[in-house]
1. Being among the hydrophobic types (A, V, I, L, M, F, W, C), out of contact with any Ser or Thr (no Cβ under 8 Å at 6 or more places or on another chain), in a loop (DSSP other than H, G, I, E, B) and in contact (Cβ under 8 Å) with a residue 12 or more places away in the chain, is that true of even one residue in region A:523-543?
2. Condition (residue is part of a helix (DSSP H, G or I), within 14 Å of chain B (Cβ to nearest Cβ) and out of contact with any helix residue (DSSP H, G or I) (no Cβ under 6 Å at 6 or more places or on another chain)) applied to region A:555-563: is it met by at least one residue?
3. Would you please list the contacts, defined by Cβ atoms under 8 Å and residues six or more apart or on different chains, that run from a residue in region A:240-255 that is farther than 14 Å from A:Ala280 by Cβ to a residue that is acidic (Asp, Glu) and part of a loop (DSSP other than H, G, I, E, B)?
4. For region A:473-510, which positions are among the small types (Gly, Ala, Ser) and either crowded, with 17+ Cβ neighbours inside 10 Å or away from every other protein chain (no Cβ under 14 Å) (or both)?
5. Among the listed residues A:Ile84, A:Ile58, A:Ile6, identify the single one that is surrounded by 15 or more Cβ atoms within 10 Å (Cβ to Cβ), within 40 Å of the chain's Cα centre (by Cα) and in contact (Cβ under 8 Å) with a residue 24 or more places away in the chain.
6. Within region A:98-118, restricting attention to residues that are among the aliphatic types (A, V, I, L, M) and within 17 Å of B:Tyr17 (Cβ to Cβ), which residue is nearest to the other protein chains (Cβ to nearest Cβ)?
7. I'm trying to understand the selection: among the residues of region A:438-496, which are outside any loop (DSSP other than H, G, I, E, B) and of a type in the set (Lys, Arg)?
8. Of the conditions (1) more than 7 Å from every other protein chain (Cβ to nearest Cβ); (2) more than 21 Å from A:Val651 (Cα to Cα); (3) among the polar types (S, T, N, Q), B:Ser109 fails just one. Which one is it?
Amino acid sequence: MEEVKIGIYVCHCGLNIADIVDVEEVTKYATTLPAVVVSRNYKFMCSDPGQNMIKEDIKELGLNRVVVASCSPLMHEPTFRRTIQEAGVNPYLFEMANIREHCSWITEDHKAATEKAKALVSAAVRRVYYHQPLEIKEVPVNPNTLIIGGGIAGIQAALEIADSEHKVYLVERDPSIGGHMIQFDKTFPTLDCSACILTPKMTSVGMHPYIELMTYSEVEEISGFVGSFKARIRKKARYVDEDKCNGCGVCVTKCPWKANSEFDLGLSERKAIYTPFAQAVPNIPVIDTEHCAYFLKEKCRACEKFCELGAIDFEQVDQIVEVEVGNIIVTTGYDSFDPTPITQYGYGKFDNVYTGLEFERICNAVGPTSGKIVLKDGSEPKSVAILHCVGSRDENYHEYCSRVCCMYALKYSHLIKERTDAEVYQMYIDMRCFGKGYEEFYKRLSEEGVNFIRGKVAEVTDRAINEDEQGKLIVCGEDTLLCKTIRVPVDMVILATALEPRSDAAEVAKLLTITQSADGFFLERHPKLDPVATMTDGVFIAGCCQGPKDIPDAVAQASAAATRVLALISKGRVELEAATAVIDEEKCSGCRICNLLCPYSAISFIEDEKVSRINEALCKGCGTCVAACPSAAITHRQFTMEEITAEIEGVLV
Amino acid sequence: MSFEPKIVGFLCNWCSYRGADLAGTARMKCAPNVRIIRVMCSGRVEPAFIVKAFQLGADGVLVLGCHPGDCHYAEGNYKTIRRMSLLQKMLPQLGIETDRVRLDWVSASEGDRFVSIVDDMTEKVRALGPFTKNSDEEKHG
């Protein structure tokens with residue numbers, strides 16, 4: 001083995017490290033460590049001059065191992081691996097000591113921080129001594145993409161990828177794509193009609209030669225890894241033959257059975273055979289077996305009698321479809337918060353208390369009231385109160401701000417003013433008008449005569465204390481600008497309800513091995529610099545499944561995720577994990593303990609030779625088998641017993 | 001000078017290491033006593049590493065992984081649970097107080113949880129005092 005020559009570079013990171021850690025002392029200390037040839041410090045190691053310093057030392061001093069003591073390896077390990085690779089050293093002959101996130105940023109004690117930095121540097125040096133060059137292998141990327149969720153984010157991502165002539169499987173669990181956006185009437189702040197801008201995109205998806213649309217379907221299982229995933233999808237039985245149906249709608253007209261419309265949130269009824277809304281894509285109905293008389297009582301079959309194409313098929317069963325894809329984009333959206341638990345707001349108790357999404361349907365020209373803003377009794381409201389932050393910014397429910405409520409509340413104010421003579425009261429905590437043109441929209445609404453009252457509402461009651469309040473809903477609270485309690489009698493109350501994670505987000509996260517943040521939304525790889533990737537390579541997130549956001553942000557994220565996928569498709573290959581496990585067959589006793597432990601079934605037993613062998617393409621390098629092998633026959637590359645023991649020794653100096 | 005325990009932390013790359021990074025990024029303050037060794041999965045942590053750490057002068061060992069059910073490698077942390085509960089039974093025989101070894105879970109978004117585990121562990125080990133192999137040998141002859 002050639003002589004080990006280690007170079008160590010301590011980064012100041014401006015003042016981020018140098019302010020707390022005595023970098024000079026650490027640099028000096030490093031020279032006392034075994035095999036260290038050079039030890040330097042510099043203001044920003046990640047900058048070009050910093051990287052060049054390493055390259056020059058490799059050339060001049062013949063370094064064959066490098067340690068950089070700076071930030072988290074999750075930040076700059078790839079940067080420095082590339083640096084030494086460019087100077088002709090195998091990228092795995094490198095180690096980072098995290099003296100920023102784990103050291104200078106968590107304490108103000110200079111002495112303790114400096115001591116800890118020394119220990120971390122000593123561990124990295126001792127460890128890198130044992131590093132061996134590793135070979136980087138590549139595998140091809142399947143150019144097909146799976147997109148889960150057909151709301152605006154899923155639609156946008158699907159079109160971007162399909163337009164570049166790469167196949168997309170778009171899976172949506174409802175009978176039609178469109179998501180929440182298709183339920184909206186207008187969009188803020190431009191007030192353009194939501195359906196008008198969305199339906200052309202939906203139609204494009206439906207007709208696109210590169211998109212295989214699978215509605216009324218759910219992904220049940222995902223296996224594999226970036227470049228080659230396999231997905232098992234359940235296509236639920238529609239009881240309508242998709243190939244025969246032409247969407248004429250006679251079956252729906254003739255069906256005598258009714259149920260609450262999910263699309264209208266129970267504010268109207270639909271038939272037992274139905275499409276959720278008129279512009280559904282695909283325009284193919286489904287039979288709701290819980291309300292269809294044939295499925296309940298084995299009679300009726302009116303739809304079948306009237307369908308001239310013979311498309312009704314009561315014998316249809318769920319189909320399981322398997323697809324192979326290289327990348328996955330998750331765009332599963334959000335659930336609207338159910339305000340029933342906040343009993344003091346009277347939702348479910350009083351007739352004219354609505355959620356934000358319900359009011360969206362009431363405003364909609366094709367909604368339950370044909371777009372007329374009316375009370376339950378059909379009369380026009382004379383006054384409406386909109387209560388902000390229902391379920392958001394509330395420690396009892398969700399601590400986060402749902403971001404869009406202030407703006408949709410402003411939009412409702414405008415629509416109410418436009419269509420009725422009602423007084424509108426906005427009961428807000430803070431007006432958050434964060435986007436382009438949003439503040440201007442707020443100003444416009446102020447000029448339209450909307451009443452803004454700052455203060456969280458305490459209660460909505462029907463207990464009148466004077467004549468003016470008789471028969472009204474009285475909104476009680478405090479006007480915190482005037483510092484006085486208020487009672488505002490109104491006819492209608494709209495609760496600006498929060499956006500929350502899907503009720504089954506945890507199961508979806510598990511299916512895809514991605515993580516959720518504390519609020520339940522899916523966690524991005526990095527909150528600033530990697531907002532659409534996840535910890536799992538090849539799985540991307542976009543839209544409200546990542547956190548509450550408005551349409552422009554959801555669309556931007558979807559395009560970003562599509563771009564990430566296209567980059568991988570265009571490159572055509574991905575690097576396999578190099579830090580995999582390998583079995584020394586001389587030492588293997590053939591006990592097979594590791595075979596069952598491997599979560600990826602990467603280890604198989606070779607009958608002829610009576611030893612186990614690891615398939616490197618399947619191994620993800622977790623090391624579980626290594627820790628379990630009773631003969632110590634398995635080596636975890638980059639995490640060998642020697643390397644970890646040296647590191648333990650190092651941190652304990 | 002008060003006793004400053006040396007604690008070795010084995011943290012998985014996907015959840016806990018990121019949680020620890022987040023604690024730093026958010027400038028949460030915590031005891032600087034835990035020196036972190038990154039492993040890809042808590043399932044890689046061999047009981048031998050923990051014993052080795054005590055041999056080499058550690059006063060405590062902290063193993064952190066993804067929450068059960070959340071493992072990046074599907075189920076590595078379940079293997080850790082089994083291994084660690086066996087090790088916990090063996091520790092007294094080795095003369096190591098069970099409180100000196102702790103297995104816990106920190107997700108990538110739980111910087112605050114990381115801080116509270118580290119502070120709590122540091123205080124517990126501080127109360128136990130330094131781990132000395134010698135006194136151990138005396139005890140067990």
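1. Step one: filter region A:523-543 for residues among the hydrophobic types (A, V, I, L, M, F, W, C), giving A:523, A:529, A:532-533, A:535, A:539-542.
From what is left, the residues that are out of contact with any Ser or Thr (no Cβ under 8 Å at 6 or more places or on another chain) are A:529, A:532-533.
This time we only want the ones that are in a loop (DSSP other than H, G, I, E, B), so: A:529, A:532.
Still in the running and in contact (Cβ under 8 Å) with a residue 12 or more places away in the chain: A:532.
Yes, region A:523-543 contains a residue that is among the hydrophobic types (A, V, I, L, M, F, W, C), out of contact with any Ser or Thr (no Cβ under 8 Å at 6 or more places or on another chain), in a loop (DSSP other than H, G, I, E, B) and in contact (Cβ under 8 Å) with a residue 12 or more places away in the chain.
2. In the first step, residues of region A:555-563 are kept if they are part of a helix (DSSP H, G or I); the result is A:555-563.
Keeping just the survivors that are within 14 Å of chain B (Cβ to nearest Cβ) gives none.
Scanning region A:555-563, I find no residue that is part of a helix (DSSP H, G or I), within 14 Å of chain B (Cβ to nearest Cβ) and out of contact with any helix residue (DSSP H, G or I) (no Cβ under 6 Å at 6 or more places or on another chain), so the answer is no.
3. Going by the 8 Å Cβ cut-off, the qualifying pairs are A:Asp241/A:Asp313; A:Val250/A:Glu308.
4. Of the residues in region A:473-510, the ones among the small types (Gly, Ala, Ser) are A:477, A:496, A:498, A:503, A:505-506, A:509.
Of everything in region A:473-510, those that are among the small types (Gly, Ala, Ser) and either crowded, with 17+ Cβ neighbours inside 10 Å or away from every other protein chain (no Cβ under 14 Å) (or both) turn out to be A:Gly477, A:Ala496, A:Ala498, A:Ser503, A:Ala505, A:Ala509.
5. Numbers: A:Ile58 fails: within 40 Å of the chain's Cα centre (by Cα); A:Ile6 fails: within 40 Å of the chain's Cα centre (by Cα).
Exactly one of A:Ile84, A:Ile58, A:Ile6 is surrounded by 15 or more Cβ atoms within 10 Å (Cβ to Cβ), within 40 Å of the chain's Cα centre (by Cα) and in contact (Cβ under 8 Å) with a residue 24 or more places away in the chain, namely A:Ile84.
6. Of all residues in region A:98-118, those among the aliphatic types (A, V, I, L, M) come to A:99, A:106, A:112-113, A:117.
This time we only want the ones that are within 17 Å of B:Tyr17 (Cβ to Cβ), so: A:99, A:106.
Working: A:Ile99: 10, A:Ile106: 5 Å.
Of everything passing the filter in region A:98-118, A:Ile106 is nearest to the other protein chains (Cβ to nearest Cβ).
7. Taking region A:438-496 first, the residues outside any loop (DSSP other than H, G, I, E, B) are A:438-447, A:451-454, A:457-461, A:467-469, A:473-479, A:484-490, A:492-496.
Passing the criteria: A:Lys443, A:Arg444, A:Arg454, A:Lys484, A:Arg487.
8. (1)
Laboratory data are not the source of any read-out in this text; all were calculated from the coordinates shown. The structure displayed is predicted, hence computed values, not measured ones. Because the Cβ atoms are built from the backbone with ideal geometry, glycine has one as well, and the counts that use them run over all protein chains shown.
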